[in-house]
Amino acid sequence: MMKKSLWTIIAITALILVSCGKGKNAPADSEQSVVFMKLSNNDTTEVYNLVNTYLDHLTNGRMDEALAMISYFENDSVKPVPEDMLKRQRTSLNALHPIRYQIEHVMFLYDTDCEVKYSGILFDKEENDPAPNKVSFIIKPVRKEGKWYLTLADSEDMITNDSGIKH
């Protein structure tokens with residue numbers, strides 16, 4: 001009985017593998033393929049330096065200097081952040097008083113669609129302590145004409161998780 005079941009599983013697996021391989025055609029020349037951005041070591045270094053400077057300003061209570069590093073990306077141009085957005089960001093950052101900040105991850109997708117997730121550590125804790133001790137934020141690096149800018153993720157990004165990010 002066990003041998004028969006094993007052969008049945010092997011036969012079904014073989015059929016699935018054979019059928020999955022059929023019908024795959026190479027993409028036509030007219031089809032567009034997704035091209036991710038090209039990065040150099042300088043790009044990575046520049047983004048990390050920008051983010052680390054921003055986080056250093058936040059850690060040391062230099063909120064105005066940190067917020068001065070933020071830009072607004074709209075209609076393919078980099079602009080100063082609208083005052084209402086700056087006010088919301090200031091309120092959000094002032095709501096808690098982290099003792100330090102750390103980068104959680106950096107994702108580079110396209111020039112105008114990158115993400116840095118960073119956390120504010122609220123207090124130190126023991127390694128096995130299950131109590132949450134951090135709050136996370138997202139900042140969006142944007143490369144325009146070879147220069148990197150830090151922009152804020154807007155609420156629409158965060159709700160839809162859409163890759164076509166509005167900054």
Amide H of LYS144: which non-local residues (sequence gap of 5 or more, or other chain) have their own amide H closer than 5 Å, using H built in the peptide plane?
-> TYR149
Whole-percent carbon and sulfur contribution to the accessible surface of the stretch 34-155 (1.4 Å, no ligands, DNA or RNA) stands at 49 percent
Calculated from backbone phi, Karplus (6.51, -1.76, 1.60) coupling profile of the stretch 52-65 in Hz, x at Gly/Pro | 5, 5, 4, 5, 5, 4, 5, 4, 8, x, 9, 4, 4, 5
For the stretch 106-116, just list the computed ³J(HN,Hα) in residue order, Karplus coefficients 6.51, -1.76 and 1.60, θ = phi - 60°, integers in Hz, with x standing in for Gly and Pro.
-> 10, 10, 10, 10, 9, 3, 10, 9, 10, 8, 10
Per-residue accessible area for MET85 at 1.4 Å probe radius, Å² rounded to 10?
-> 30 Å²
Please calculate the 1.4 Å probe accessible area of VAL81, with all protein chains present, and give it to the nearest 10 Å².
-> 20 Å²
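Would you mind counting up the charge near ARG62? Only other residues with Cβ under 13 Å from its Cβ, with Lys and Arg at +1 and Asp and Glu at -1.
Values: positive: ARG90; negative: ASP56, ASP64, GLU65.
Net local charge, ARG62 excluded: -2.
Any number yet on Rg/Rh for the stretch 61-115, C-alpha, Kirkwood? Mind dumping the intermediate values first?
Working: Rg = 13.3 Å, Rh = 13.3 Å.
On the Cα set of the stretch 61-115, Rg over Rh gives 1.00.
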List the equivalent ellipsoid semi-axes of the stretch 46-144 in whole Å, largest first, each obtained as the square root of 5λ for an eigenvalue λ of the Cα gyration tensor.
-> 25, 16, 11
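The values are calculated or read from the model by the stated rules, or taken from the named source; none is laboratory data. Worth saying up front: this structure is predicted, and the values here are computed from it rather than measured. Virtual Cβ from ideal backbone geometry, glycine too; neighbours counted across all protein chains shown. The accessibility values were calculated without ligands, DNA or RNA, using every heavy atom of the protein model including side chains. Shrake-Rupley method; radii C 1.70, N 1.55, O 1.52, S 1.80 Å.
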